[in-house]
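Student: Dropping a structure here in structure tokens format, bear with me for questions.
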Amino acid sequence: MKMPKNAYLVLAIIFSISFIDSLFDNEATHELFFWEVNMWVYRFFRLGLAVLFMKSYLDMRNAEKITEE
């Protein structure tokens, strides 16, 4: 099943907001996939997902522009 390109943009925005929100947490650890991890590992995970989804969105948008020309 193919996801619409706007879904990638929405996911990138959600994970970016989640990353920014995590910067205001004062906790030392966070639970990630049932394990306690350092807060910075959690933040980099969220930031990595945001970057991945944004890159996928931009790649799809650029591919669509090329096929239109």
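The values are calculated or read from the model by the stated rules, or taken from the named source; none is laboratory data. The model shown is predicted, which means the values in this text are computed figures rather than measured ones. We place every Cβ from the backbone using ideal geometry, glycine too, and count neighbours over all the protein chains shown. Heads up: the accessible areas ignore ligands, DNA and RNA and are worked out on the full protein's heavy atoms, side chains in. Shrake-Rupley method; radii C 1.70, N 1.55, O 1.52, S 1.80 Å.
Student: I'd like the full set of residues that are open to solvent by less than 80 Å² (accessible area, probe 1.4 Å), among the aromatic types (Phe, Trp, Tyr) and free of Cβ contacts under 8 Å to residues at least 24 places away in the same chain, limited to the stretch 14-56.
Tutor: TYR42, PHE45 - these are the residues of the stretch 14-56 that are open to solvent by less than 80 Å² (accessible area, probe 1.4 Å), among the aromatic types (Phe, Trp, Tyr) and free of Cβ contacts under 8 Å to residues at least 24 places away in the same chain.
Here is a yes/no grid of residues against (1) of a type in the set (Gly, Ala, Ser); (2) out of contact with any helix residue (DSSP H, G or I) (no Cβ under 8 Å at 6 or more places or on another chain):
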site: ASP21; (1), (2): no, yes
site: THR29; (1), (2): no, no
site: TRP40; (1), (2): no, yes
site: PHE45; (1), (2): no, yes
site: ASP59; (1), (2): no, yes
site: ALA63; (1), (2): yes, yes
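Student: Exactly one of these conditions fails for ASP59: (1) surrounded by 12 or more Cβ atoms within 10 Å (Cβ to Cβ); (2) at pLDDT below 85; (3) of a type in the set (Asp, Glu). Give me its number.
Tutor: If we test ASP59 against (1) surrounded by 12 or more Cβ atoms within 10 Å (Cβ to Cβ); (2) at pLDDT below 85; (3) of a type in the set (Asp, Glu), just (2) comes out false.
Student: Further, regarding this structure: Please go through the stretch 1-13 and give me each residue that is touching a residue at least 24 places away in the same chain (Cβ under 8 Å) and of a type in the set (Gly, Ala, Ser), ordered by number.
Tutor: The answer is ALA12, and nothing else.
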